[in-house]
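The values are calculated or read from the model by the stated rules, or taken from the named source; none is laboratory data. Note that this is a predicted model, so its numbers are computed, not measured. Neighbour counts run over all protein chains shown; Cβ positions are idealised from the backbone, glycine included. What goes into the accessible areas is simple: the full protein's heavy atoms, side chains included, and nothing from ligands, DNA or RNA. Shrake-Rupley method; radii C 1.70, N 1.55, O 1.52, S 1.80 Å.
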Amino acid sequence: MSKFLKRLLISLIIVISMIMTFTYIVDPLYFYRLPTWYQAQYTTNARYQLPGLIKNVPYDTLIVGTSMSRNFVESDMDAIWNVQSYNAAIPSATAREMKLAFELGARTHPDLRNVLWELNFYSFARAPEDVEDEQEEFPYYLWDDVWWNDFRYLFNLYPLKRARETFFANIRHDHRNRDIEMLYKFGSDSPTLTVNQVKELINIPSSVTRSAYQFEIMLANFRENVLPVVRDHPDVQFYFFYPPYGVFWHVRAHKQNPDYLDGITRLKSAIYEELEPYANAHLYDLQDRMDITHDISKYIDVAHYVPDINRWILEVIHEEMPLSSLAEATAKAEAVREQVLTYSLD
Amino acid sequence: MLFNSYIFIFAFLPIVFILFYALREFRTTAFIMFIIASLFFYAYWNPNLLFVIIGSIAINYGFVKLLQKLPHKLLLRIGIAVNLCILGYYKYASFFVGTISDLFGLGLAVPNIMLPLAISFFTFQQVAYLVDTYRGETKEHTFLEYVWFIVFFPQLIAGPIVRHHEMFPQFRDHAFQHMNRENIEKGLTIFFIGLFKKTVIADTLAHWVNDGFSHTTQLDVVDGWITALAYTFQLYFDFSGYCDMAIGIALLFNIKLPINFDSPYQSLNIQQFWQKWHMTLNRFLTHYVYIPLGGSRAGKLRTYLNIMIVFLISGLWHGAGWTFVFWGFLHGVASVVCRLWKQLGLRMAKPLAWGLTFLFVVCSWVFFRAESMHDAWNVLSAMTRFDQLTFALVWQDKYILFGLFILLVIVIFARNSIAIMNAHHAGWRRTLFVASLAAVSILHLDQVSEFLYFNF
């Protein structure tokens, strides 16, 4: 090898090592440890930020789900359930992403006791291996347990940009996004829906409600991403729930996809049957609660409920019994179908 | 496949490099391997593209064989016409149908035809080869050599546009497949300079460019200048970065590609600019359009007309749209004015000449980039609203303005990448410089983006 190439190689190793060492020490996504020597500012990019928090925040109860679960406030849950919780819900999460979140939590927290797991049809309507990577690449290297691919984090521009932003936030006394508990919470000051808005929204196609919602795909997804997790962790109690979408959300999905109602009704029965053998699985269907789902003032958009509903869910699951028979599960699913078919805004 | 991607840098290029030298004793196998690798590189995103390039090569090689046996002008014209028809169908059919439909209010359905990657580049290269074949310059070339010449992956997608006499002697040289230490060192140096120009500078500027050109009605005077200047530098660092990488990769295989940029923003007039910007396209148009049209031998008026034709073709070559045609028209007019100025023996102070040339180039790039003439006018009129100019407005954009100023200083005063490559040495400062460029560029690879000239 020529002198130039030798020196180039040595120089490259030096420069890359310096960058990786810097990222390791500063750890801008808190992937290795929570910061002790500077004030952290967390990024709202959940898929990059959550792995570090799931690994390093102490908890015995984990929440996984989509944006419908983001507003579970950990201190509320701790008080109601008498646990130490952490909310690892990811906006627009697919079932695979929820599985990755749980597995990372279980690997790094051997004392994990409970999981509150949102069963959202949207998350199951795609292929089982799908992650949300339309906007940017999904950082598998942050979510897996492979040590050697950490170089993707250590030698990566994004953490360096985060380090720069955190540095400037500290010198400018910018206090945004510093509280882990309130990091991804939203909607507390958003106006609630009006009847006219619902009348309009109900007819606007959405990529979410336009999803295929094919029974076979959703069930296959559940079997691949949820069921093995329940089976492999008999010491962890799983509290599954169907989030109480406003009835108008189902109406819109039904308008855009006539198979939607049939798909979710069959899925609910099938999921009950799949979970029934496992004593550590507890299933709650909150979608037939008309006092919530028919009250437009409890929603801030066509999908999301006001944050108070998250607290209500925590109370319901803590206080009420889960579904106890296939007949009950089917009856509740059928009730939702009936409510959707008879719903009127007039 | 993109040069600025992990798969290219860490998989494709090393594999082809190793195979190329491992097959030193098996020249034909090495050629076939290189051709397959180049086609894989080309069709990595969309294998359907292979049909177009392979079809184009097959048709052109057919004409080459015919012209070698029967060097008749009519045959050459048919060959060129077939190439232009293929290019016209894929690149210009939508534009022409849309224009005719709009002009005559016919309401025709505009065909949505996928533009094959780099069709302008490989078509022009093959047209030049046909002309050279007609002139009897390509008799000894084999089919494999011809295909290799057309699909040589370092310059397949966006040039430089090469001519056969630059390439064939190189890969017929007995030392072609012998590792050349200096070539590898120089190749790596210029490759990483190009990668840095693309991933760090051009892609960073893209943020302001895209933002400005997608909100042209909302630009104030400072935004207008930022948009135009950012694009001026983005295009230069993007395309010259690509060419640096192409030159560097080719050097790893002992091929010296012609340079395509020679500090064009230092030009003192528009003629000089075109001697320094996309030099191989300019050379192609001079050899195969301007001179056959009569060049400057048929009187002044005809010379000016020929210049206008060349630039209008150049505009249309860059894109099927009126903004590109108008951009070509502007450069044609400027070149005619420049020629007249010289013929009249007029002179201008150098700083003023540089300023005027640079200003013209910046303004004309606005048409080159804008989605429509309307958008281009919006940006240009924003740039003239000096009544809005306040210190607060400037201060608000101080970082990008400072960045643009630094880039301006670099393009005016710094040595260009070719000069840096040629001043090659193995000192620690040099290797640390190249290693830093490499490391920082690789850091930026996660934000993969296409090269601007892929569209042309």
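The figures follow:
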| quantity | calculated |
| --- | --- |
| Kyte-Doolittle mean at least 0.5, axial Cα span of 30 Å or more - DSSP H helices of chain A | A:3-26 |
| Range of Cα positions in the stretch B:232-303 per principal axis (Å), largest first | 46, 28, 15 |
| Probe 1.4 Å - accessible area at B:ILE406, Å² to nearest ten | 70 Å² |
| Pair-distance profile P(r), taking every C-alpha pair of the stretch A:199-276, with 5 angstrom steps and integer % | 3, 13, 22, 21, 16, 12, 8, 4, 1, 0 |
| Accessible surface buried once B binds A (1.4 Å probe; total of both sides; Å²) | 1800 Å² |
| Unit Cα scatterers, Debye sum, the stretch B:146-237: log10 I(q)/I(0) for q = 0.16, 0.23 Å⁻¹ | -0.81, -1.15 |
| For the stretch A:91-225: rounded, prolate or oblate by the Cα gyration tensor [a/c cutoff 1.5] | oblate |
| In Å, descending, principal axis extents of the Cα set of the protein assembly as shown | 95, 68, 62 |
| Heavy-atom surface of the protein assembly as shown, accessible at 1.4 Å and reported per residue (Å²) | 44 Å² |
| Hits among lysines - C-alpha to C-alpha of A:LYS255 under 19 Å, sequence gap 8 or more where chains match | A:LYS199 |
| Residues listed by number, the stretch B:114-145, amide nitrogen under 16 Å from B:LEU50 label point at 7 Å toward C-beta | B:117 |
| Cα gyration tensor, the stretch B:349-388 - rounded (a/c under 1.5), prolate or oblate | oblate |
| Rounded to 5, percent antiparallel among DSSP beta bridges of chain A | 5 percent |
| Tail beyond 27 Å, pair distance distribution of the stretch A:1-152 (Cα, percent) | 32 percent |
| Sulfur and carbon atoms: percent of accessible area, chain B [1.4 Å] | 68 percent |
| Listing of the stretch A:147-182 residues, each with accessible area lower by at least 40 Å² in the full protein assembly than in the chain alone (probe 1.4 Å) | A:PHE155, A:LEU157 |
| Binned Cα-Cα distances of the stretch B:6-179, short to long, each 10 Å bin given as a whole percent | 9, 32, 32, 18, 7, 2, 0 |
| DSSP H segments from chain B that extend 20 Å or more along their own axis, Cα-based, with Kyte-Doolittle mean of 1.6 or above | B:27-43, B:73-87, B:398-413 |
| Environment charge at B:ILE247 (Cβ cut-off 11 Å; Lys +1, Arg +1, Asp -1, Glu -1) | +1 |
| Separation of the B:VAL337 and A:HIS173 label points, Cα + 7 Å toward Cβ, nm | 5.5 nm |
| Two-decimal log10 I(q)/I(0) for the stretch B:111-196, as the Debye equation yields it once each C-alpha is a single scatterer, q = 0.16 Å⁻¹ | -0.79 |
| The stretch B:308-456: projected area of the alpha-carbon convex hull, averaged over directions, in nm² | 13.5 nm² |
| Loop chymotrypsin sites (Phe, Trp or Tyr not before Pro), the stretch A:33-135 (other Cβ atoms within 10 Å of the site Cβ: 14 or fewer; DSSP) | A:TRP37, A:TYR38 |
| At most 15 other Cβ within 10 Å, DSSP loop - GluC sites (Glu not before Pro), the stretch A:88-129 | A:GLU129 |
| Carbon/sulfur fraction of accessible area - chain A, other protein chains in place, 1.4 Å, % | 54 percent |
| Normalised contact order of chain A, rounded percent, pairs of Cα under 8 Å and 6 or more residues apart | 20 percent |
| Distance violations [Cα-Cα > 26 Å] among A:LYS161/B:LYS197; A:LYS55/A:LYS298; B:LYS73/B:LYS139; B:LYS197/B:LYS342; B:LYS65/B:LYS276; A:LYS3/B:LYS198 | A:LYS55/A:LYS298; B:LYS197/B:LYS342; B:LYS65/B:LYS276; A:LYS3/B:LYS198 |
| Once the Cα gyration tensor of the stretch B:205-330 is diagonalised, semi-axes √(5λ) in Å | 28, 23, 12 |
| Percent of beta bridges antiparallel (DSSP, the protein assembly as shown, rounded to nearest 5) | 5 percent |
| Spatial separation of Cα centroids for the stretch B:94-157 and the stretch A:313-334, in angstrom | 66 Å |
| Average other protein chain Cβ within 10 Å of Cβ, residues B:182-191 | 2 |
| Residue mean of other protein chain beta carbons inside 10 Å, B:439-445 | 4 |
| Shielding by partners - mean other protein chain Cβ count within 10 Å, residues of B:424-437 | 4 |
| Förster radius 25 Å - calculated FRET efficiency between A:ASP111 and A:TRP147 (Cβ-Cβ, nearest 0.05) | 0.65 |
| Global size of the stretch A:212-334 as Cα Rg and Dmax, reported in angstrom | 14.8, 42 |
| In nm, spacing of pseudo-spin labels at B:GLU371 and B:ASN112 (7 Å Cα→C-beta vector) | 1.6 nm |
| Calculated over chain B: convex hull of Cα atoms, volume per residue (Å³) | 172 Å³ |
| Loop-located GluC sites (Glu not before Pro) in the stretch A:267-334, at most 15 other Cβ atoms within 10 Å (DSSP) | A:GLU320 |
| Stokes-Einstein D (µm²/s) once Rh is taken as the Kirkwood radius of chain A over alpha-carbon pairs, at 10 °C in 1.306 mPa s | 73 µm²/s |
